[in-house]
Amino acid sequence: MPLSVDARWDLIDKISKQTVEFGARKHTLKDAIAELTVKPLTGIPVAIAVIYGFWSFFCDFAGTLFTDGFMVRLFDEHWLPWLQSVFPGGLKNPFYALMVDAGHIEGGVLVASDNCFEAFGVLTSGFFVVFGVVLWAVLAFYLMFAILEDAGYLPRLAVLVDTVLHKIGLHGYAIVPTFLSLGCNVPGVTATRPLETRKQRFMMMTLLAIFVPCGAQIGIMQDLVPEMMGWIFLTLAIGYLGFGFILNKIVPGKSPELIMDVPPYQMPTLRNIVRKLWIRTSRFLIVAVPFVLLGSIIVGLMYLTGAMDWLAAVLGPLLMGWFGVPSETVAPLIAGFLRKDLAVGILGGLMEQGIMTTFQVFTSVILLCIYFPCLATFALMLKEENGKEILGSLASLVAMVFVYGGLIHLVGIMLGVA
Amino acid sequence: MKEGEEKFGQIYFAVLGVVALAFGVAELIASAGEGFTWGILDSSGASDPMFLPWKAIILLAAGLFYLSSVNNFAEVHQLAKAVMASIMIWIVAGMAIWARIASSIPGEETWFNNLEGFLASYAPPYCPEMFLLLFSLVIVYYILKEE
């Protein structure tokens with residue numbers, strides 16, 4: 001005969017009285033530290049210190065040491081000149097332009113590029129983006145992420161931000177997919193599965209796709225516009241919270257509580273860290289490399305066939321009028337469908353040619369973040385969401401791009417910088 | 001923890017708290033305008049202006065943590081505050097040292113830095129958190145004692 005609910009609880013009581021020993025437990029130093037990291041008054045400064053350490057390590061490891069220290073020299077001083085000297089064809093040859101160097105106009109003359117950002121070739125810009133910048137950024141990100149994860153800090157961060165995220169219909173756990181997405185949006189979207197309701201999953205995936213740049217993109221942005229990183233993240237964070245608040249109000253459904261296990265702090269083991277680093281970085285490269293190279297080919301072909309100029313002419317008035325960015329931004333926006341890191345790389349080329357002002361670069365970077373998820377993330381969203389939700393996500397994307405992009409332009413005009 | 005050790009801890013971390021707080025204020029001022037370089041102490045933030053305000057907030061918080069830990073220092077929750085403050089200083093100082101290591105390895109004209117250039121990267125002046133790092137290590141004694 002099945003037991004009633006009361007009878008079940010009585011039985012649980014009896015079993016626990018016979019099996020569990022109760023007594024006063026002295027708090028250890030580890031317990032006291034664990035408490036400090038979840039209380040807002042002490043936990044927030046600690047979180048600031050942890051995030052500071054995270055990004056500081058990221059910038060110096062990926063930017064100063066590998067990309068600026070070795071990769072820029074390797075690609076610009078050795079790889080590019082070597083390819084320019086041995087690859088058949090030369091400037092004006094379409095295949096050479098596609099694979100090595102499209103060149104650029106200086107004083108009415110087509111001249112060869114002197115750095116991989118400007119070259120726009122599959123073997124130059126494409127390879128530089130993947131192996132010169134992104135690989136090190138992703139490696140640094142996942143190393144720090146694995147350490148925080150294994151040390152037991154991430155669940156505490158989730159508890160800490162729980163109150164804030166409840167205001168937008170999510171709970172603390174949302175920090176895990178958000179943080180993961182800062183490495184790559186694909187595992188970030190996958191990590192939304194523990195969220196209980198369709199509403200929470202839809203909201204989380206939409207916010208990740210729009211407002212959370214991946215590690216690859218961050219790496220390139222850090223390399224191109226380091227002085228703007230604070231403003232870029234602030235703009236995206238405001239969008240994340242503001243748009244989350246609106247979505248919470250208009251999307252039907254519930255946002256129930258989620259009980260999370262908060263493990264004790266522990267020392268990460270080297271074996272686990274290395275294993276996680278290998279799995280995540282290799283998966284990332286398997287996803288990223290084909291898309292970056294494909295993106296380089298498509299953008300190159302569009303330049304060669306004149307399709308890019310046509311699109312720039314068609315979309316130019318909209319881009320200039322509404323968003324305040326030049327028509328040349330069409331190329332990175334198209335590349336952004338495939339890989340956002342490649343798109344920001346193309347933006348870097350335009351920047352080096354002096355086509356854009358600082359504020360236009362800032363607006364373009366934000367637009368690239370919010371206008372569409374990369375193809376790999378979109379494919380995963382197609383799998384994770386139903387047709388109605390996908391349409392909802394796309395409608396949100398379109399609305400957000402126009403509202404937020406226009407708003408940034410308006411702020412720029414009011415400040416006199418646009 | 002013995003009474004003498006507790007007394008020493010209270011005085012030591014109160015002083016360290018005041019110094020951390022003062023460095024935090026100095027870095028906050030430096031992030032708003034021009035900082036200062038005094039002998040081997042550099043609070044100009046010239047090397048990393050983007051991170052300077054955050055560093056200042058962390059040092060301020062660490063100073064407050066130290067100061068709030070001194071009352072009843074031997075109690076585990078109070079001691080935990082001083083430990084947390086030290087960990088925050090270790091993070092900031094660790095990253096300052098890591099930044100020097102990262103910039104000291106590649107050379108300007110060659111792939112790797114020469115010995116002279118490498119050593120020059122570690123020359124003074126040093127940022128405030130690197131001085132605090134040295135003095136914050138005293139907490140290790142109290143951690144070992146507690147465990």
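The values are calculated or read from the model by the stated rules, or taken from the named source; none is laboratory data. From a predicted model like this one, the values you see are computed outputs, not experimental measurements. Virtual Cβ from ideal backbone geometry, glycine too; neighbours counted across all protein chains shown.
Against the test of being small (Gly, Ala, Ser), more than 30 Å from B:Leu64 (Cα to Cα) and within 9 Å of chain B (Cβ to nearest Cβ), the options A:Gly63, A:Gly23, A:Gly89, A:Gly53 yield a single qualifying residue, A:Gly63.
A quick yes/no check of all residues on (1) outside any loop (DSSP other than H, G, I, E, B); (2) among the charged types (D, E, K, R); (3) without any contact (Cβ under 8 Å) to a residue 24 or more places away in the chain:
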site	(1), (2), (3)
B:Phe8	yes, no, yes
B:Leu21	yes, no, no
B:Leu67	yes, no, no
B:Phe73	no, no, no
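Answer yes or no as to whether B:Leu119 is surrounded by fewer than 22 Cβ atoms within 10 Å (Cβ to Cβ) and touching a residue at least 24 places away in the same chain (Cβ under 8 Å). No; evaluated as a whole, the condition is false for this residue.
In this structure, A:Leu407 does satisfy being over 26 Å from A:Ala288 (Cα atoms) and in a helix (DSSP H, G or I). Given the condition surrounded by fewer than 22 Cβ atoms within 10 Å (Cβ to Cβ), on the phi < 0 side of the Ramachandran plot, touching a helix residue (DSSP H, G or I) at 6+ places or on another chain (Cβ under 7 Å) and in contact (Cβ under 8 Å) with a residue 60 or more places away in the chain, answer yes or no: does some residue in segment A:334-351 qualify? Yes, segment A:334-351 contains at least one residue that is surrounded by fewer than 22 Cβ atoms within 10 Å (Cβ to Cβ), on the phi < 0 side of the Ramachandran plot, touching a helix residue (DSSP H, G or I) at 6+ places or on another chain (Cβ under 7 Å) and in contact (Cβ under 8 Å) with a residue 60 or more places away in the chain.
If you go through segment A:269-282 and keep only what is touching a residue at least 40 places away in the same chain (Cβ under 8 Å) and surrounded by fewer than 16 Cβ atoms within 10 Å (Cβ to Cβ), you end up with A:Thr269, A:Asn272. Number of residues in segment A:141-174 that are surrounded by 21 or more Cβ atoms within 10 Å (Cβ to Cβ) and charged (D, E, K, R): the value is 1.
The sole residue among A:Val134, A:Val50, A:Val46 that is within 30 Å of B:Ser103 (Cβ to Cβ), under 31 Å from the mean Cα position of the chain (by Cα), in a helix (DSSP H, G or I) and at pLDDT below 85 is A:Val134. Scanning segment B:92-128 for residues that are more than 14 Å from chain A (Cβ to nearest Cβ), touching a Phe, Trp or Tyr at 6+ places or on another chain (Cβ under 9 Å) and not in a helix (DSSP H, G or I) gives a single hit, B:Pro125. Checked against the criterion of being under 22 Å from A:Leu195 (Cβ atoms) and hydrophobic (A, V, I, L, M, F, W, C), the candidates A:Ala288, A:Ala313, A:Ala307, A:Ala237 yield just one match: A:Ala237.
The condition of being more than 9 Å from every other protein chain (Cβ to nearest Cβ), under 30 Å from A:Lys30 (Cβ atoms), loosely packed, with under 14 Cβ neighbours inside 10 Å and not basic (Lys, Arg) does not hold for B:Gly33.
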